[in-house]
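Asker: I'd like to ask you about the structure that follows.
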Amino acid sequence: MEFSVNSPVLFVLAAIIILIVLLQSVFFLLKALKRAREIGMEKSMLRKTIRTAAIFTIMPAVAIVVSVMTLSKDLGLPLPWLRLSVVGSLSYETIAASNAESAMGLVFGSGTALNASEYVTIALVMTASILVGIWLVPLVCKRQLGGMLKMEAKDKKWSELFQSSLFIGMISAFVGYVFCDVAGVGGGNLSGLIPVFVFFVSAIVMAVAGILSKKTGWRGITDYALPASLILGMASAIPLTAWLS
Amino acid sequence: MRTREEYLNSVHRWGKIWGFSMTAVLLVFPFAVCLIFGAVPNWRGLGFGLLATAPMYWAVGIIETFTYIPMLGAGGSYLSFVTGNISNLKLPVALNALEQNNVKANSEEGEIISTIAIAVSSIVTTLIIILGVILIVPLMPVLQSEALAPAFAQILPALFGGLGVVFISRNWKIAIAPVILMLVLFILVPALNSGTVGIMVPVGVLFTLGVTRLLYKKTSFLD
């Protein structure tokens with residue numbers, strides 16, 4: 001069979017694997033919903049969780065579609081579609097594909113037509129280099145979460161502080177990242193302020209939603225506050241970039 | 001009715017089955033391409049490509065696994081490490097769901113809520129990508145337009161602005177030190193940027209745990 005990066009058979013292969021990934025999500029969703037019913041969790045709570053998770057996901061998912069489009073210029077559509085539907089990300093896939101291509105004397109981004117051997121080499125590097133989390137989680141997850149349960153039984157307050165510290169530790173790293181280009185402002189490059197302003201626009205939207213919810217007693221506002229802060233923050237980046245770039 | 005332990009054991013059992021199966025399933029694609037097109041990998045390219053890529057991403061993957069499991073819970077971990085986009089989608093969606101429903105992450109309700117949120121997010125993401133692939137021709141000029149590019153470039157600041165204000169204000173006592181440390185590091189060290197933020201998450205987590213433990217044991221600040 002003649003090879004092309006957009007060969008129909010590659011679409012079929014990618015679709016089958018993505019369908020299996022989708023089935024895994026459906027399986028765990030049904031399992032969690034069944035357990036929620038068993039322990040008497042309120043249906044309204046579950047419905048709200050499903051609704052807000054779905055709405056919140058839309059914009060980040062559209063950003064992933066943009067990444068698929070970016071990678072498709074070099075790798076065709078099926079491979080980026082598969083890679084970004086599973087563990088991948090634009091930065092990782094670009095680095096992995098660039099490393100594989102440069103090891104074969106090719107240049108990533110040049111739009112060179114790949115042959116089957118080059119394509120399969122790139123696919124193997126992209127897949128094998130990031131598999132670790134998938135097989136490591138089944139090996140360590142039970143033991144690690146068992147340790148958390150023991151900690152909770154021993155000292156409930158510390159267990160709660162431990163959990164909050166994990167979240168705060170992660171969030172603080174991303175807060176720091178937002179300010180990573182601020183140092184350039186002294187040299188006249190104001191573009192480092194764009195993520196900072198976007199961050200604050202989003203934070204203000206969230207804070208205003210919280211205050212409104214408290215004042216009016218309408219909890220529905222907070223249900224959509226995070227997706228709204230995300231969209232308005234992203235939208236603010238358009239005039240901010242025009243102004244500060 | 002099953003006990004909490006019985007439910008969690010069942011999640012772990014199925015998680016292992018899915019996790020190991022998915023490892024094999026993901027490798028099917030390159031091997032199937034070899035068989036269908038009669039292609040052999042470029043061994044030199046494969047060797048050097050893996051050498052340049054795998055050590056760093058395996059090291060990061062191992063650290064991320066131990067860092068994110070306690071935050072994601074059992075079901076959430078088994079799903080998130082297959083579907084990816086953990087720090088920029090799955091974890092925020094789970095945190096938001098826990099926060100909205102006012103349930104603790106380490107409770108059984110928390111385990112269920114975060115699994116549901118992550119599963120729904122994974123399904124919606126997969127479906128939107130499928131839609132994007134089907135409609136790539138009309139969508140490409142719109143989504144890759146210069147006008148929209150700045151918005152997609154700032155998705156992380158927009159995401160963590162909203163999330164940060166909630167969690168930092170609720171936990172300000174334990175947030176002061178790590179936020180200051182990360183601000184100083186990211187502003188003063190040029191090597192820290194969007195490409196290295198993932199590596200700094202475990203650093204932030206370990207530092208926060210250390211400071212919180214110190215405050216908890218040696219002072220009454222957290223009482």
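Asker: Between a first residue in region A:79-95 that is at the interface with chain B (Cβ under 7 Å from one of its Cβ atoms) and a second residue that is small (Gly, Ala, Ser) and part of a helix (DSSP H, G or I), which pairs have beta carbons less than 7 Å apart while being 6 or more apart in sequence or on different chains?
Answerer: A:Trp81/A:Ala14; A:Leu82/A:Ala14; A:Leu84/A:Ser67; A:Val87/A:Gly133
Asker: Counting only residues that are in contact with a helix residue (DSSP H, G or I) (Cβ under 8 Å, 6 or more places away or on another chain) and charged (D, E, K, R), which one in region A:3-37 is nearest to A:Trp81 (Cα to Cα)?
Answerer: A:Lys31
Asker: Further, regarding this structure: Checking A:Ile16 against (1) open to solvent by less than 30 Å² (accessible area, probe 1.4 Å); (2) under 25 Å from A:Pro78 (Cα atoms), which single condition isn't satisfied?
Answerer: It fails just one condition, (1).
Asker: Of all residues in region A:124-139, which are facing chain B (nearest Cβ under 7 Å) and either open to solvent by 30 Å² or more (accessible area, probe 1.4 Å) or outside any helix (DSSP H, G or I) (or both)?
Answerer: Looking only at region A:124-139, we keep the residues that are facing chain B (nearest Cβ under 7 Å), and these are A:124-125, A:127-138.
Hits for region A:124-139 are A:Ser129, A:Ile130, A:Leu131, A:Trp135.
Okay, residues lined up against (1) open to solvent by less than 50 Å² (accessible area, probe 1.4 Å); (2) touching a residue at least 40 places away in the same chain (Cβ under 8 Å); (3) within 24 Å of A:Trp158 (Cα to Cα):
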{"residue": "B:Gly162", "(1), (2), (3)": "yes, no, no"}
{"residue": "B:Ile174", "(1), (2), (3)": "yes, yes, yes"}
{"residue": "B:Ala177", "(1), (2), (3)": "yes, no, yes"}
{"residue": "B:Ile187", "(1), (2), (3)": "no, no, no"}
{"residue": "B:Gly195", "(1), (2), (3)": "no, no, no"}
{"residue": "B:Leu214", "(1), (2), (3)": "no, no, yes"}
{"residue": "B:Lys217", "(1), (2), (3)": "no, no, yes"}
{"residue": "B:Leu222", "(1), (2), (3)": "yes, yes, yes"}
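Asker: Please specify each residue of region A:47-78 satisfying the condition of being closer than 15 Å to A:Asn6 by Cα and without any contact (Cβ under 8 Å) to a residue 12 or more places away in the chain.
Answerer: To start, the set of residues in region A:47-78 that are closer than 15 Å to A:Asn6 by Cα comprises A:68-78.
A:Met69, A:Ser72, listed by residue number.
Asker: Right, another one. What helices (runs of 4 or more DSSP H), lying completely within region B:1-103, carry at least 2 residues that are open to solvent by 30 Å² or more (accessible area, probe 1.4 Å)?
Answerer: Values: elements: B:4-37, B:43-83, B:91-101.
Of the helices (runs of 4 or more DSSP H) lying wholly inside region B:1-103, those with at least 2 residues that are open to solvent by 30 Å² or more (accessible area, probe 1.4 Å) span B:4-37, B:43-83.
Asker: Related question: Looking only at residues that are under 22 Å from the mean Cα position of the chain (by Cα) and crowded, with 24+ Cβ neighbours inside 10 Å in region A:95-123, which one is modelled with the highest pLDDT?
Answerer: Of all residues in region A:95-123, those under 22 Å from the mean Cα position of the chain (by Cα) come to A:95-98, A:123.
Pick out the ones that are also crowded, with 24+ Cβ neighbours inside 10 Å and you get A:96-97, A:123.
Working: A:Ala96: 86, A:Ala97: 87, A:Ala123: 94.
Ranking the qualifying residues of region A:95-123, first place goes to A:Ala123.
The values are calculated or read from the model by the stated rules, or taken from the named source; none is laboratory data. This structure is a prediction, so every number in the text was calculated from the model and none was measured. Using ideal geometry, Cβ is built from the backbone for each residue, glycine included, and neighbour counts are taken over all protein chains shown. Please note that ligands, DNA and RNA were not included when accessible areas were found on the heavy atoms of the full protein model with its side chains. Shrake-Rupley method; radii C 1.70, N 1.55, O 1.52, S 1.80 Å.
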